[in-house]
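Asker: Right, I'll just put the structure down here and ask away after.
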Amino acid sequence: MIQMNRRARFVILFVSLPLVAFTIVGGVLGQAVAREDTYRHLRIFEDVVSLITNNYVEEVELEGVIQGALRGLAGGLDSESAFLSAAEVLAIETGESIPAGELGLDIASQYYLQIIAVRPGSPAERAGLIPGDFIRTIDGQTTRRLSIIEGKKLLLGPPGGPIHLSLIRGNTTEPYDIELTLERPSDSIVETSMQDDTIGYIKVHQFSAGAADEIASSASTLLRNGARAFLVDVRNISGGSFDEAIATARLFVESGTLLRRTESGSEEEVTITAASGDQPIDVPVVLLTDFGTAHAAEVFVAGLAGTNRADTVGQRTAGRASLQKLIKLPDGTGLWLSWARYLKASGDPIHRAGVLPTVAVEIPSVELGEPVPPGDPILEQGVEHIRSMIL
């Protein structure tokens, strides 16, 4: 057996105990054989730490190495899961006040922080940022080892304050540096218009509390104004409530299975059924989607597209339809862990896979800092597609 100094053994024991305990209570693996496999990996982990401690050319700050390993362990699960420091856990538990200023970005952890969605009308959208862009640094601090919780915190501040970002898009080798000003976000949930005499347009900004009721009211107004079909635009929406998104989907689907959900520790799927009431919205519907359609908005899209209630026009959705919860560890640190994920009515996955569009629309590639070409190809194709459905 590889020999190890007493300090290294103490640190490994200190770190390993909560992981083993978490495993035993069923958070990761519930089968005896699987637990034994976990212990085997922990022994390999111990050997690696010993080799680093005894052979690395410089003095090792072992606690930092262990913390990095734990972050990598959680980050290797998916882009939403993370290992949290004691300070991050405390901030979540105490409901630390959130600064009012933001850039209109939602992010995930993908080596660097990656932009998932860019809220329309936000500082980020006006600067030309798009889903898929990588944030290399925030105010000079690299995002390479940041958890998603840390990253989101750094992107907030008092309205009017500046934030410096260094960005990477596509295969570019040189980062693009930009300064953005924090703004207070709009609380608007939905806006509507008539595209012509027969097509009602509903732009959803967020699936926050009351979204389903507001969308139902907006749809009723459009129907009274002569709408015979709806374009529902859910591009670049990632936040909000899954429950509100499901309630909104139920406005359009009369009966049957809407979605499914799988949860850790359970072999059975939760079936989510439609319950739209006596007068569901029964006119043709086309959904406008892009890579920024994520989380709650993505579940809404899957509920309609997966039941063949609506066609989708645009791009594949983000593939981020999981739920997270905080699991506190004995030393005050914690895991922000995906514990459930949504599936289409068919049982096909949404998480990681996304929802493919009925009609795919290619968006011209634009270099960071270059002006975005005029026009809206996805909206234009959506109008054309829905016209073909009602003629």
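Asker: If you filter the range 284-391 for GluC sites (Glu not before Pro), then keep DSSP loop positions with at most 13 other Cβ within 10 Å, what is left? Working shown, then result.
Answerer: Details: sites: Glu298, Glu362, Glu367, Glu380, Glu384; in loops: Glu362, Glu367.
Listed in order of number, the matching sites are Glu362, Glu367.
Asker: Please give the contour-minus-distance gain from Gln324 to Asp282: 0.36 nm per residue of separation, less the Cα-Cα distance, rounded to one decimal in nm. Show your work: numbers first, answer last.
Answerer: Values: separation 42, 0.36 × 42 = 15.12 nm, distance 3.39 nm.
Full-extension gain reported as 11.7 nm.
Asker: Still on this structure, please answer the following. 222 nm [θ] for the chain, helices only, -39500 (n - 2.57) per DSSP H run of 4+, per residue, to 500?
Answerer: Details: 10 runs with 123 residues, N = 391.
Mean residue ellipticity, 222 nm, calculated: -10000 deg cm²/dmol.
Asker: Heavy atoms only, 1.4 Å probe, whole protein assembly: order Arg341, Arg352 by accessible area, highest first. It would help to have the intermediate numbers written out before the result.
Answerer: Working: Arg341 95, Arg352 155 Å².
Descending accessible area places them as Arg352, Arg341.
Asker: Separate question: Using a simple charge model, +1 on the beta-carbon of Lys and Arg, -1 on the beta-carbon of Asp and Glu, nothing else, what dipole does the range 295-349 show about its Cα centre, in debye to the nearest 20?
Answerer: Values: 7 positive and 4 negative charges, 11 e Å.
Dipole of the range 295-349, to the nearest 20 debye: 60 debye.
Asker: Which loop GluC sites (Glu not before Pro) in the range 219-274, with loop taken from DSSP, have no more than 10 other Cβ atoms within 10 angstrom of their Cβ? Could you put the intermediate results ahead of the total?
Answerer: On the way: sites: Glu244, Glu254, Glu263, Glu267, Glu268, Glu269; in loops: Glu254, Glu267, Glu268, Glu269.
Passing both the DSSP loop test and the Cβ count: Glu267, Glu268.
Asker: Turning to a different aspect of this structure: Placing +1 at every Lys and Arg Cβ and -1 at every Asp and Glu Cβ, with all other atoms neutral, what dipole size does the chain have around its Cα centre, in debye to the nearest 20?
Answerer: On the way: 32 positive and 50 negative charges, 176 e Å.
In debye, rounded to 20, the chain gives about 840.
Asker: Which of the listed residues, Leu288, Ile130, Ala275, is farthest toward the dipole's positive end in the chain, when Lys, Arg count +1 and Asp, Glu count -1 at the beta-carbon?
Answerer: Ala275
Asker: Can you give the charge dipole size of the range 274-391 about its Cα centre, rounded to the nearest 20 debye, using +1 on the beta carbon of Lys and Arg and -1 on the beta carbon of Asp and Glu? Show your work: numbers first, answer last.
Answerer: Values: 9 positive and 13 negative charges, 136 e Å.
Result for the range 274-391 is approximately 660 debye, rounded to the nearest 20.
Asker: For the pair Ala69/Glu191, report the inter-label distance in nm, with labels modelled 7 Å from Cα in the Cβ direction.
Answerer: My value for the distance between the label points is 5.2 nm.
Asker: Which of Pro280, Pro371, Pro158 ends up with the largest GNM mean-square fluctuation for the chain, with Cα atoms connected below 10 Å?
Answerer: So, out of Pro280, Pro371, Pro158, the one fluctuating most is Pro371.
Asker: May I pose another question? Could you tell me which residue out of Thr142, Met194, Pro120 lies farthest along the dipole of the chain toward its positive end? Charges go on the beta carbon: Lys and Arg +1, Asp and Glu -1, centred on the Cα centre.
Answerer: Most positive-ward Cα: Thr142.
Asker: Which ³J(HN,Hα) values, rounded to whole Hz and listed in residue order, are derived for the range 258-268 from phi using the Karplus coefficients 6.51, -1.76 and 1.60 in 6.51 cos²θ - 1.76 cosθ + 1.60 with θ = phi - 60°, glycine and proline given as x?
Answerer: Result, rounded to whole Hz: 9, 8, 10, 9, 10, 10, 5, x, 10, 8, 9.
Asker: Rounded to the nearest 10 degrees, what's the angle between the helix 296-305 long axis and the longest principal axis of the chain, both from Cα atoms, 0 to 90?
Answerer: 50 degrees
Asker: Using a Gaussian network model of the chain whose springs link C-alpha atoms within less than 10 Å, name the residue from Ala247, Ala87, Ala127 with the highest mean-square fluctuation.
Answerer: The residue that fluctuates most here is Ala87.
Asker: Of all DSSP beta bridges in the chain, what percent run antiparallel (nearest 5)?
Answerer: Details: 47 of 63 bridges.
Around 75 percent antiparallel, to the nearest 5.
Asker: Among residues other than Thr143 whose Cβ falls under 13 Å from its Cβ, what is the net charge (Lys/Arg +1, Asp/Glu -1)?
Answerer: Details: positive: Arg71, Arg136, Arg144, Arg145, Lys152, Lys153; negative: Asp133, Asp139, Glu150.
Summing Lys/Arg as +1 and Asp/Glu as -1 gives +3.
Asker: While we're looking at this one, here's another question. Could you work out what % of the accessible surface of the range 76-178 is carbon and sulfur, using a 1.4 angstrom probe and leaving DNA, RNA and ligands out of the count? Working shown, then result.
Answerer: Numbers: 2580 of 4780 Å².
Using a 1.4 Å probe with all protein chains present, the range 76-178 comes out at 54 percent carbon and sulfur.
Asker: Per residue, how much accessible area does the chain show when a 1.4 Å probe rolls over the protein heavy atoms, in square angstrom?
Answerer: Details: 19700 Å² over 391 residues.
Normalised by residue count, the accessible surface of the chain is 50 Å².
Asker: Out of the total accessible area of the range 239-391 (probe 1.4 Å, heavy atoms of protein only), what percent is carbon and sulfur? Numbers along the way, then the final one.
Answerer: On the way: 3350 of 7190 Å².
Heavy-atom surface of the range 239-391 belonging to carbon and sulfur, 1.4 Å probe: 47 percent.
Asker: Still on this structure, please answer the following. Of Ala82, Ala91, Ala227, which has the largest mean-square fluctuation in a 10 Å C-alpha GNM of the chain?
Answerer: Maximum fluctuation in the GNM of the chain, among the listed residues, is at Ala91.
Asker: Among Ala229, Gly239, Pro364, flag the residue with its Cα farthest along the positive direction of the charge dipole of the chain, charges on Cβ as +1 for Lys/Arg and -1 for Asp/Glu.
Answerer: Going by the charge dipole, the pick is Gly239.
The values are calculated or read from the model by the stated rules, or taken from the named source; none is laboratory data. Only a predicted model underlies this, so the values are computations on that prediction, with no experimental measurement involved. No Cβ is skipped: glycine too gets one built from the backbone with ideal geometry, and neighbour counts run over all protein chains shown. SASA here: full protein model, heavy atoms, side chains in, ligands and nucleic acids out. Shrake-Rupley method; radii C 1.70, N 1.55, O 1.52, S 1.80 Å.
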